[in-house]
Structure formats: C-alpha cells, structure tokens
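First comes the structure, then the notes that go with it.
The values are calculated or read from the model by the stated rules, or taken from the named source; none is laboratory data. Keep in mind that what you see is a predicted model, and the values were worked out from it rather than measured. Every residue, glycine among them, receives a Cβ derived from its backbone with ideal geometry; neighbour counts consider all protein chains shown.
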Ligand SMILES: Nc1ncnc2c1ncn2[C@@H]1O[C@H](COP(=O)(O)OP(=O)(O)OP(=O)(O)O)[C@@H](O)[C@H]1O
Ligand SMILES: [Mg+2]
C-alpha cells in the first residue's frame, strides 16, 4: 500500500474535553494534541476515561463541553461517518457471513467504489497485514491474531488519515500480543498514519507509542515520551503506575524550588537527598519516590540502615526487600549478571541512592 503523505490532515486535538454521565465525570477537562503521523497511547487504569475520549474523537459520543479537532477542523458535532477515521476494537467485529476479502472491501463498498478497484485494494491491504492468500477464507477459520489483522486491514483499506484503536490486542495471548505490537507500530510508520491507541497495559503503551498520555479519574496526569514518563514522572500516580516505585514519606529540611536538590528527613528517621519535583517550603510534607533498580545496598556502615527481610529470585533480576524500621519497606532490584553479592535474610544493610534518582513530590500532589 502506498505510503500516505504526512500532512496536517492527520492532526488530532481535543481541547478541555469534558464528558459527564449523570454525576460521573468520565473525562474531566482533557487537552491533548496529536501531531499528524504520530502514535499516541492513552494509558490508564480501568474507568480512567480512555474509551470515552476515543469515542469523542470518533464521533460515537458527543462531549458535555470542549472541542474535538481533526486536521485543524472542528468536528466536535460532526457525525462519525463524516470523520473518515479507521477504527479497531478489542472484540473482533468482522462480519461472519462474509469472506475475509469481502470484510476488508466492505468500507469501500459503503463509499461507492467499484468492484474491480475494491478487490485490488482489499488484496493490497491483505498483503500489508501479511495475510495475502487468505481472502477467500471465512473469518471463523482464522486465529484471534489473524482476525485482528483483518480488522486492521479493513480499518486502513480506505486510507483514513487517523486510526483509532481501543485495546485491540487484549484478547490475544502474550507472545502474539508482543508480535502484533511491533507489527502495528511498523505498519503505522510505513503508512505514516496518525494513531490514537487505548491500552491499560503500560508495557504495550511504552513499546508502541511515540508519546503516552497517562490518565487517572478522567484527568490527564502527564503526556510524554516513554523515557520521560519513566525517568521523570510528574506526579506520584505516574511514578506508581509506570514501572515500580518505592514511596517514603518525609519532610523538606529547607525550602526548595522544583528541580533543586534538597535534604529530606524521612518520617521514622534518616536524612537523605532527593530532587524536588514540586516547590517545597521548609518543613513541608512530601513523598519521596525512588525506583527499585536505583536503590543500592551495602554492608551496614552507619547510613540509612535496614534489614533484608526477603529475597525474591526471578531469573532476570533479584528483588530484595529491606525493612527500615517503623513499617517502612524498600525494594531494591539487582539485575542478573551484575556480579553483585547475594544478600540473605536478616542481614543488616545500608540503603542508599543517588540524589538525582529520588524524586520528592509535595504530599498533596495528585495520586
Ligand atoms: N455510557 C455510559 N454511561 C454511564 N457511565 C459511563 C458510560 N460510559 C462510561 N461511563 C463511565 O465513565 C468512566 C470512564 O469510562 P471509560 O469507558 O472511558 O473508561 P476506560 O478508561 O476506557 O476503562 P476500561 O479500561 O475499563 O475500558 C467510568 O466510570 C465508566 O463507568
Ligand atoms: Mg475502555
């Protein structure tokens, strides 16, 4: 299939989107700008508003307030069939009484395109999803992954400017899902199409997307490249939702502006260094966040002391749980092959990290 030119046609934007269902604000003031040809994942736990945002972009739900733009044009109130978008959902929505080729050609038929052209394009779309030769099959003679590829072929056959996908891989087993993640990403790059992809799986979002928009309770928490979200989470919610994080409550020893290194007195004892994410006043309550793979353990020598209470071996890494006293526990992850010594239960250790690896959030911060 020909590569679509990346132009502003494929730009998608929502401005101050609000959608209420009775008293529930499913989407609560979300603004997001997706560039033409960009792959953006909407990531969040169940009920965070992902599908509702996608439905507003598609035109299957109208917002309570706010705006939806596609290609710079306000389509907030335009009917779905006037938006020229491709859609793929979690459940296979193929027509069981049609062959694979007829399924794929169906959107073209709806658009009044003649038989010969329909067949030519359906065959090209089949090739794009690497199922050439499957055109005459019935859809119930296909595996789950093949059915999702057919659904994808049907969504791109009329060369829409934007492809919307809602958990399209969640019904597939792990290996096939991982294979399809890369396949869809490569296809998106080849076609130059804009993709908005809904998932609650952080690894899937990080693997596939140029940028990830993290949602919680209908609110946008942070939008950024996978690396930015992981390395510099803006809120405790993002720090806890993407990857694993140790949280320790404490107080700022002195005032610090966002981005400054500060000393923190941990609740329950111990003074450590961290970088302030939010502005913090002297004595302000905070939550310190540090990734398990950034926590270092060393033989006890008068630092922040703890006791190893559990070692969990998982092949690729070993997770050690150290108790700091006062119910505080810190997880440290040691990758296999680093040559680090084994720690055993009951061993006294010092727990530390580089100041830049610990992030201090104001205690009232979201999440
Ligand atoms: N048609 C509806 N009527 C009433 N409430 C709704 C409706 N659709 C969604 N909601 C509510 O809006 C909120 C957001 O729902 P939404 O389906 O957008 O979440 P989601 O992030 O897609 O979740 P999931 O991962 O479970 O699919 C939820 O609290 C849900 O119960
Ligand atoms: Mg959903």
Taking the stretch 149-176 and keeping only residues that are farther than 16 Å from residue 85 by Cα and either in contact with a strand residue (DSSP E or B) (Cβ under 7 Å, 6 or more places away or on another chain) or outside the structural domain of residue 59 (by TED's automatic domain parsing) (or both), one is left with 167
Only one of 256, 209 is buried (at least 20 other Cβ atoms within 10 Å of the Cβ) and outside the structural domain of residue 93 (by TED's automatic domain parsing), namely 256
Residue 104 meets each of (1) touching a residue at least 60 places away in the same chain (Cβ under 8 Å); (2) crowded, with 21+ Cβ neighbours inside 10 Å with one exception, condition (1)
request  = Restrict the check to the stretch 86-94 and report whether at least one residue is assigned to a helix (DSSP H, G or I), at pLDDT below 95 and more than 24 Å from residue 25 (Cα to Cα).
outcome  = no
Taking the stretch 211-231 and keeping residues touching a residue at least 40 places away in the same chain (Cβ under 8 Å) and over 10 Å from the mean Cα position of the chain (by Cα) leaves 216, 217, 218, 219, 220, 221
In the stretch 5-49, anything within 14 Å of ligand 2 (Cβ to nearest atom) and not in a strand (DSSP E or B) is listed as 44, 45, 46, 47, 48, 49
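Residues checked against (1) exposed (fewer than 13 other Cβ atoms within 10 Å of the Cβ); (2) free of Cβ contacts under 8 Å to residues at least 24 places away in the same chain:
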site: 243; (1), (2): no, no
site: 268; (1), (2): no, no
site: 277; (1), (2): no, no
site: 291; (1), (2): no, no
site: 299; (1), (2): yes, no
site: 312; (1), (2): yes, yes
site: 341; (1), (2): yes, yes
Filtering strands (runs of 3 or more DSSP E) wholly in the stretch 251-354 for at least 3 residues that are closer than 18 Å to residue 239 by Cα gives 271-276, 285-290, 328-335
Point to revise | Test: residue in the stretch 332-342 that is in contact with a strand residue (DSSP E or B) (Cβ under 6 Å, 6 or more places away or on another chain) and farther than 27 Å from residue 241 by Cβ | key: yes
